[in-house]
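Throughout, read-outs are computed from the coordinates displayed, never taken from laboratory work. None of the values given here were measured: they were computed from a predicted structure. No Cβ is skipped: glycine too gets one built from the backbone with ideal geometry, and neighbour counts run over all protein chains shown.
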Protein chains: 2
Amino acid sequence: MERDIVIVGGCAAGMSAAAQARRVDPSAKITVFEKGGYISYAPCGIPYFITGEVKRFEDLYVYTPEQFSQQRNVDVLVHHEVKRINVGERTVEVVDLRDGKEFKKGFTTLLIATGAVPIIPPIPGTSLKGVFKLRDLDDALQLKRFIEEEKPRKVVVVGGGYIGLEIATAFHQIGMDVSLVEMKEHILPNLDEEITSIIERECRDNGVELFLGESLLGLEGDGKVRQVQTSARRLDCELVILALGVRPNVQLAKQAGIPLGVTGAIRVKMDQETDIPGIYSAGDCSETKHIVSGKPYWFPIATVANKQGRIAGENMAGGRLLFPGTVGTQVMKVFGLEVAVAGFSEKEAMALGYETASATVRSSSNASYYPDSQAITTKMVMDVKTRRVLGVQMVGRKGVAKRIDSAAVALHAQMTVDEVAWLDLSYAPPFAPVWDALIHAGQSLRAKTI
Amino acid sequence: MERDIVIVGGCAAGMSAAAQARRVDPSAKITVFEKGGYISYAPCGIPYFITGEVKRFEDLYVYTPEQFSQQRNVDVLVHHEVKRINVGERTVEVVDLRDGKEFKKGFTTLLIATGAVPIIPPIPGTSLKGVFKLRDLDDALQLKRFIEEEKPRKVVVVGGGYIGLEIATAFHQIGMDVSLVEMKEHILPNLDEEITSIIERECRDNGVELFLGESLLGLEGDGKVRQVQTSARRLDCELVILALGVRPNVQLAKQAGIPLGVTGAIRVKMDQETDIPGIYSAGDCSETKHIVSGKPYWFPIATVANKQGRIAGENMAGGRLLFPGTVGTQVMKVFGLEVAVAGFSEKEAMALGYETASATVRSSSNASYYPDSQAITTKMVMDVKTRRVLGVQMVGRKGVAKRIDSAAVALHAQMTVDEVAWLDLSYAPPFAPVWDALIHAGQSLRAKTI
């Protein structure tokens with residue numbers, strides 16, 4: 001029987017799967033249904049499109065649907081929403097959003113790559129003009145147009161996570177007056193305070209007002225948003241960004257009876273197959289394994305989505321690949337700082353039941369005598385019982401983002417602090433000190449725990 | 001019995017050992033004999049002192065002997081050369097080079113940290129004025145003074161290894177006319193040509209004349225050097241740098257009957273002890289283990305010297321630490337390029353008897369749509385039999401040096417190409433593409449070898 005592969009969702013996971021399936025099986029029929037108008041796009045690029053660092057809107061996606069269709073011999077149907085999956089019948093019910101026509105499409109193998117959706121709190125005012133979420137390219141276009149037309153001066157970003165901080169940085173860069181509201185006592189609340197205190201100082205040094213420990217109660221305005229009401233104050237504004245996080249978009253899967261995991265995302269095996277044979281899932285709607293804890297983990301990020309998509313595509317086309325999981329690597333730019341994490345923070349590790357020890361050290365990006373050497377603060381967390389490293393957090397003005405990768409690899413290899421302390425990391429005066437940040441932290445933590 | 005620790009050599013390994021021994025045993029007697037006038041200095045910083053990027057000569061050493069003596073309670077005796085080790089008697093014979101007085105000093109534990117010495121070829125003219133080696137701080141001072149006083153315009157660098165290329169870059173930066181002579185057919189002859197061809201082009205693009213496959217026959221001049229005679233031509237010059245590599249300085253050890261290893265450097269166990277109980281060795285004069293091959297390896301580099309020194313110091317003072325070895329990580333700046341290596345090149349691997357496969361890929365330093373994204377060329381080499389990664393070489397204008405560290409950690413963990421291909425490396429548009437260089441190379445090599 002000819003393979004008839006159907007993919008629901010045309011972003012990172014879906015298109016990676018389509019591309020890989022085509023590589024593995026040149027003759028399979030492959031169809032992608034994408035609800036929106038763009039495929040294989042890079043939402044991570046939106047802040048840099050807002051600042052103008054990414055000049056052309058077209059740079060935010062890798063292919064047009066036409067290009068992908070032609071080059072890969074894949075049917076890519078945009079503005080097509082899959083409304084229902086019929087597991088027993090092995091069909092999907094699709095609506096063409098341009099004319100409302102509905103049809104059924106059969107499949108031999110299905111990939112659910114429906115991604116995640118932004119959390120919009122149930123408060124008044126979220127549909128006022130000037131209130132934006134940041135998830136897809138339409139959001140980016142509309143926000144860019146709003147800024148050009150309305151020239152807002154005062155913006156309130158609600159949510160002090162990665163996206164909130166990146167967009168706050170972008171707004172500041174283009175001269176706006178930025179306030180940030182975060183419900184928890186600190187921004188990036190999963191990280192430890194040795195790190196977040198440095199980032200908060202950087203925000204304030206750049207003139208951003210931080211309102212921490214305040215929750216969002218409502219948005220007010222006369223058609224256009226004019227005020228944000230928090231649990232502690234009212235903030236005037238002309239623009240509001242809701243960056244309260246995302247949740248896995250699992251409605252279709254749930255309705256079809258495809259089991260979810262403990263995280264609320266779709267449960268998959270290492271080959272990305274769900275509990276229903278022939279039905280796969282990849283990307284932000286599906287779970288993965290956290291290699292450090294060995295437990296299911298939901299990590300909606302482009303790196304995981306691309307990898308899971310490639311693996312799903314391989315397996316759907318008759319190949320065999322397994323996804324080992326994630327160590328939770330994440331980096332971001334906040335004003336002049338690079339912030340990077342791999343593994344668990346100490347508070348996350350403690351919440352998972354580990355008995356932890358940690359060390360926080362200050363190293364430098366280059367040999368200290370080399371021009372423009374910058375401080376790097378590194379916190380390393382270990383499991384006291386096994387001496388395994390559980391996580392590393394880093395922050396500094398330079399050279400941080402790619403330094404976290406060595407920590408990520410060490411976490412993949414489940415190294416102990418005693419192993420990490422002697423890693424053969426690169427040194428030359430223009431690039432690093434002899435004891436680079438990771439091994440410096442490892443030495444410090446080793447010495448204080450023996 | 002009170003510990004009476006004697007350390008021969010006051011550079012990276014010796015001073016790291018002294019510092020660590022003092023931390024472990026606050027009451028041990030610790031004496032360092034250093035033949036030259038400086039301790040704990042950074043020869044790697046010399047090129048940047050020549051260009052003026054490192055402004056003050058004092059920045060090239062971490063401590064003065066006085067500072068170290070006072071702060072650590074260690075007797076640091078500079079201008080003191082150890083002439084002989086009497087193993088049976090457990091004494092060293094020392095000469096004070098300032099007055100020629102000789103004396104004996106007993107020890108309970110000894111560290112030989114005599115480093116490496118530059119190879120000076122047995123050809124005429126090496127002692128002409130204007131001919132320099134680059135090893136210690138006196139070389140740096142004399143070279144800097146020579147340049148200031150004589151204002152040489154034409155320099156010939158002999159040797160296309162790391163040091164030759166770094167100093168060629170420095171001379172070019174201060175406006176000199178640079179030629180480079182290398183005996184082998186390519187610069188950095190241990191690396192593969194996919195990488196060295198890029199570096200050679202960069203040298204030539206910067207106006208450096210490369211004379212490859214030519215050996216040095218002699219230097220000529222009238223007191224001052226005026227010409228370099230190679231096997232193929234005569235080159236006019238006013239300055240010559242001899243950068244033909246180094247050899248382990250093992251004369252003292254050899255004379256004392258301390259066994260050398262197969263590499264010609266002093267054989268040590270993982271605790272840095274030699275075959276003679278109570279006598280340790282660390283740094284450029286001693287061997288280490290190459291973690292990838294599992295074989296003895298000689299790797300004269302600051303990172304290894306510092307680690308071995310710290311481990312020797314710990315163990316000499318009654319502690320217990322083991323050095324796992326090196327994976328051969330090395331980075332350098334050549335004109336606008338960052339060059340980085342971990343593990344073996346394909347030619348090295350083949351010479352060691354491995355059946356190899358490799359992939360060379362071109363990735364980017366940042367998301368491709370992000371401003372100033374630069375190409376990174378990565379070559380990955382694997383052992384066909386075990387699928388283990390044997391080495392990674394990278395070159396590019398940006399973000400290369402610290403990217404090699406993830407390869408280094410993967411080599412420590414003896415990962416296969418199938419593991420490396422899915423590593424959770426960091427991604428954000430300002431810092432990396434979704435498939436970063438190492439995993440991109442891993443994917444490519446995996447796909448072509450299954």
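For the range A:189-203, backbone phi angles converted through the Karplus equation (6.51, -1.76, 1.60; θ = phi - 60°) give residue-by-residue couplings of x, 7, 7, 8, 5, 4, 9, 5, 5, 5, 6, 5, 4, 4, 4 Hz, Gly and Pro being listed as x. Kindly provide the helix-only [θ] at 222 nm of chain B, computed as the sum of -39,500 (n - 2.57) over DSSP H runs of four or more divided by all residues, to the nearest 500 deg cm²/dmol? Per the formula, -7500 deg cm²/dmol. For the range A:298-308, putting each phi into the Karplus relation 6.51 cos²θ - 1.76 cosθ + 1.60 with θ = phi - 60° gives couplings of 10, 9, x, 8, 4, 4, 5, 4, 5, 5, 4 Hz, in residue order, rounded to whole numbers and with x for Gly and Pro. The three principal axes of the Cα atoms in the range A:152-199 give end-to-end lengths of 33, 18, 14 Å, sorted in falling order.
Expressed in nm², what is the orientationally averaged projection area of the convex hull enclosing the Cα positions of chain A?
Numbers: hull surface 92.3 nm².
That works out to 23.1 nm², a quarter of the Cα hull's surface.
For the range A:224-254, trypsin sites (Lys or Arg not before Pro) are listed when DSSP marks them as loop and at most 16 other Cβ atoms sit within 10 Å of their Cβ; the list is A:R233.
Pairs of Cα atoms nearer than 8 Å and 6+ residues apart set the relative contact order; for the range B:120-244 it is 37 percent. Within chain B, DSSP assigns beta bridges of which about 65% are antiparallel (rounded to the nearest 5). DSSP beta bridges confined to the protein assembly as shown are antiparallel in about 60 percent of cases. Listing A:D236, B:D192, B:D222 from fewest to most neighbouring C-beta atoms within 10 Å gives B:D222, A:D236, B:D192. Beta bridges per DSSP, both residues in the range B:120-244: antiparallel share near 35 percent.
Mean projected area of the convex hull spanned by the Cα atoms of the protein assembly as shown, taken over all viewing directions: 40.6 nm².
In whole percents, the pair-distance distribution calculated for the range B:1-152 from its alpha-carbon pairs, binned every 5 Å from zero, is 2, 8, 16, 18, 18, 15, 10, 7, 4, 2, 0, 0.
Give, in whole angstrom and from largest to smallest, the semi-axes √(5λ) of the equivalent ellipsoid of the range A:304-346, with λ running over the eigenvalues of the Cα gyration tensor. Show your work: numbers first, answer last.
Values: eigenvalues 195, 32, 4 Å².
Taking √(5λ) for each eigenvalue gives 31, 13, 5 Å, largest first.
Mean projected area of the Cα convex hull of the range B:241-346, taken over all directions, amounts to 8.3 nm². Under the combined filter of DSSP loop state and at most 11 neighbouring Cβ atoms within 10 Å, the range B:297-395 retains these GluC sites (Glu not before Pro): B:E355. Inter-copy label distances at B:D96, using a point 7 Å along Cα-to-Cβ, come to 9.9 nm with the shortest given first.
Among the trypsin sites (Lys or Arg not before Pro) in the range A:6-79, those placed in a DSSP loop whose Cβ has at most 15 other Cβ atoms within 10 Å are A:K55, A:R56. Sorted from greatest to least, the principal axis extents spanned by the alpha carbons of the range B:330-448 come out as 43, 30, 23 Å.
Entry for the range B:120-244 at q = 0.09, 0.21 Å⁻¹: log10 I(q)/I(0) = -0.22, -1.25, Debye formula applied to identical alpha-carbon scatterers, no solvent contribution.
Please arrange A:S358, A:S293 by counting, for each residue, the other beta carbons lying within 10 Å of its beta carbon, fewest first.
On the way: A:S358 22, A:S293 19.
Ranked by crowding around the Cβ, least crowded first: A:S293, A:S358.
Could you grab the Rg to Rh ratio for the range A:1-69? Cα atoms only, Kirkwood for Rh. Don't skip to the end; give the middle numbers.
On the way: Rg = 14.1 Å, Rh = 13.1 Å.
Looking at the range A:1-69, the ratio lands at 1.07.
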